[in-house]
Amino acid sequence: KTFKVAIVGATGAVGETMLSILAERNFPVGELIALASAKSAGSRVKFGHRDVVVQDLATFDPAGVDIALFSAGGATSREYAPKFAAAGAVVIDNSSAFRYDDDVPLVVSEVNPEQIGNRPRGIIANPNCSTMQMLVALAPIHRKVGIERINVATYQSVSGGGRSAMEELGRQTAGILNFQEPEPHRFPVQIAFNLIPHIDDFQPNGYTKEEMKLVWETRKILGDDSIRVNPTAVRVPVFFGHSEAVNVETREKITAAEVRAMLQAAPGVEVVDEPVPGGYPTPVTHASGRDPVYVGRIRDDESHPRAVNLWIVSDNIRKGAALNAVQIAELVADAL
Ligand code: A2P
């Protein structure tokens, strides 16, 4: 059995990776439809060894599409995802447009795959990249001893902001090395050789929306509104791979050694944790271009009776976006 699969946002950083992951995992694609804005119509994208001509989303008829993977921003999802679902497609949406709706499941493939079946609107939401990698590592701890509170600081690469954000880091870096004044467009201030504690819009409570996604999505995915999350989200001048310094307060005591052993057996996780130079994951040495969520620096919190520290690194474009969307598509296809 094969499926007619549409990629909405096929020319973008995530869409392009969705295409390569579908091909590399031999997803049963019968027909592949690449969609983007009118300005990209007629251009080509790579799907395995094939070139696929990009079509204009605005004029495309979704009839007959079995599975549609959307990664073209919230506004595009809000307008077109319901149309694809009404035409019979299962929509897997990478934007934040539907993530907090009660009738849309929010799924990390290793954590709550059973929820894909409960999709009354035909839409399944893919979580935010930072929540995604954090929960692949923390869900086993939550299941075993219960999580009471999470303190997290993120170090997020520019690819999370799409192609134009990566271009801005490249352009500013080259410019500054040539004694030019950096010009911020995509980011509020200079990103090259800098850090920006501001991702997505500020909320009335003074947190950014990126930070609140960690609060809202953690509770929804783990199915526990009592979990407290205290986030700070920071953009860093790294191209691929988000990192997170995470302190987890648990209901029952668990030691760092027990967490390490548990995560060594956890699906989607790779533990890299030796107290020697390079014995820990970094975006460049481990995560970039790879599938696992890497965990290192696992330590008992010596300031707290029931807490551990972890350093969690993963490719935000792969597990944080495209890979999880394809893994959801695999679960959907198995059940279709
Ligand atoms: P296009 O390249 O034609 O603008 P990124 O996150 O890397 O910036 O990519 C965003 C993706 O979403 C691109 O494929 C982009 O297509 C697509 N996109 C953005 N706005 C629209 C829209 N209004 N209709 C269709 N596709 C869109």
State the number of residues belonging to the range 120-166 that are within 16 Å of the ligand (Cβ to nearest atom) and either without any contact (Cβ under 8 Å) to a residue 12 or more places away in the chain or β-branched (Val, Ile, Thr) (or both).
1
What single numbered condition from (1) in contact with a Ser or Thr (Cβ under 7 Å, 6 or more places away or on another chain); (2) over 30 Å from Gly268 (Cβ atoms) fails to hold for Ile141?
(2)
Can you go through Tyr294, Tyr280 and tell me which one is hydroxyl-bearing (Ser, Thr, Tyr) and part of a loop (DSSP other than H, G, I, E, B)?
Tyr280
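I'd like to check something: does the range 70-89 contain any residue that is modelled with pLDDT of 95 or more, in contact with a Phe, Trp or Tyr (Cβ under 6 Å, 6 or more places away or on another chain) and surrounded by 15 or more Cβ atoms within 10 Å (Cβ to Cβ)?
Checked the range 70-89: at least one residue is modelled with pLDDT of 95 or more, in contact with a Phe, Trp or Tyr (Cβ under 6 Å, 6 or more places away or on another chain) and surrounded by 15 or more Cβ atoms within 10 Å (Cβ to Cβ).
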Only listed residue being of a type in the set (A, V, I, L, M), out of contact with any helix residue (DSSP H, G or I) (no Cβ under 7 Å at 6 or more places or on another chain) and within 19 Å of Ile298 (Cβ to Cβ), chosen from Ala256, Ala266:
Ala256
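One line per residue, one yes/no per condition, for (1) loosely packed, with under 12 Cβ neighbours inside 10 Å; (2) free of Cβ contacts under 8 Å to residues at least 60 places away in the same chain; (3) under 23 Å from Arg299 (Cα atoms):
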position: Phe187; (1), (2), (3): no, yes, no
position: Gln190; (1), (2), (3): no, yes, no
position: Phe202; (1), (2), (3): yes, yes, no
position: Lys213; (1), (2), (3): no, no, no
position: Lys220; (1), (2), (3): no, no, no
position: Gly241; (1), (2), (3): no, no, yes
Counting residues that are farther than 19 Å from Arg318 by Cα and more than 10 Å from the ligand (Cβ to nearest atom), which strands (runs of 3 or more DSSP E) fully inside the range 1-107 reach at least 2?
3-8, 29-36, 50-56
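Can you pull out every residue in the range 315-331 that is acidic (Asp, Glu) and either modelled with pLDDT under 95 or in a helix (DSSP H, G or I) (or both)?
Within the range 315-331, Glu330 is the sole residue that qualifies.
The values are calculated or read from the model by the stated rules, or taken from the named source; none is laboratory data. Everything numeric in this text was worked out from a predicted model, so none of it was measured. Virtual Cβ from ideal backbone geometry, glycine too; neighbours counted across all protein chains shown.
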